[in-house]
Amino acid sequence: MDTFAQSARTALELIVRADHELWQVVRLSLAVSGSACALAAGLGLLAGAWLAAVRFPGRRAVVTGLNTLLALPPVVVGLAVYLLLSRSGPLGELGILFTPSAMVIAQCILVLPIVTALTRQLIGDAMHGNGEQLRSMGASTLACALLLLVHERVALVTILLTAFGRAISEVGAVMIVGGNIDGITRVMTTTIALETSKGDLPLALGLGIVLLGVVGLINAAIGFAQRWQTRGEGRAA
């Protein structure tokens, strides 16, 4: 108990006095996960809307495969990206293995199925409710999906926040492709794992507190967005 109390006190001191090492790790974590989610949003929102609108042979198999990827283990993503970016891999000439860029790629691949699958479900449901009205005004099916993508922006914020929470809290993929290099590729989750194994509990606990705070803010933002959407629907009714 004394050890925990002392570690907790020191961890809070590190946070309050803006310890350079701690906040350097926090900044890199936010930058990597934010960049990964931005890339996943650019690809996943459009792909999800397209899947919701377009019918083609094998679509059901594609949707099933996409839903399966929702449970994609981070270590598998890390291994795949490692093999692609390693010196003997097809993208080895890029020389970005064990850099933040490799970590962004890994996290983007990890959260892309989440953004795509949830967007497809959201736009599919919206098409059933408002698609006919838009089509009666002359919009094509794909145009309807893109218009609904804009209309459902509050729900899309929830999707992106969910993806960001998944990205910033994972450890396996970034550990494999980033290497957890001090000052270069150490993010919150990998540093917590390393410092705990080394016995540096205050730093690990401090980062854990910050990580919990970030996740808590994400959940609060999701709840706020959902309440705002419900309030808006109530006013519209």
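The values are calculated or read from the model by the stated rules, or taken from the named source; none is laboratory data. Keep in mind that this is a model prediction, so the values were computed, not measured. With ideal geometry, Cβ positions are generated from the backbone for all residues, glycine too; neighbour counts draw on all protein chains shown. Calculation scope for accessible area: heavy atoms of the full protein, side chains included, ligands and nucleic acids excluded. Shrake-Rupley method; radii C 1.70, N 1.55, O 1.52, S 1.80 Å.
Summary of values
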quantity: Counting all C-alpha pairs of region 1-67, share separated by more than 13 Å (%); calculated: 76 percent
quantity: Extreme residue, positive dipole direction of the chain, given options L84, F4, L69 (C-beta unit charges); calculated: L69
quantity: For D125, solvent-accessible area (1.4 Å; no DNA, RNA or ligand), Å²; calculated: 90 Å²
quantity: Exposure of H20 as accessible area (Å², to 10), given a probe of 1.4 Å and all protein chains; calculated: 120 Å²
quantity: Helix 2-16 vs. the chain, principal-axis angle (Cα, 0 to 90°, nearest 10); calculated: 60 degrees
quantity: Alpha-carbon gyration tensor eigenvalues x 5, square-rooted, for the chain, Å; calculated: 38, 24, 13
quantity: Order of exposure, largest accessible area first, which applies to T141, T185 with probe 1.4 Å; calculated: T141, T185
quantity: Nitroxide proxy distance, nm - points 7 Å out along Cα→Cβ at S140 and L91; calculated: 3.0 nm
quantity: Kirkwood Rh, angstrom, region 31-106 [1 / mean 1/r, Cα pairs]; calculated: 14.3 Å
quantity: Dipole-positive endmost among V214, W228, P202 within region 145-237 (Cβ charges, Cα centre); calculated: W228
quantity: Carbon + sulfur, % of accessible area of the chain - ligands and nucleic acids excluded, 1.4 Å; calculated: 66 percent
quantity: Tilt relative to the chain, helix 188-198 - C-alpha long axis, 0 to 90 degrees, to 10; calculated: 30 degrees
quantity: Cβ charges +1 (Lys, Arg) and -1 (Asp, Glu), total dipole of region 17-105, debye; calculated: 380 debye
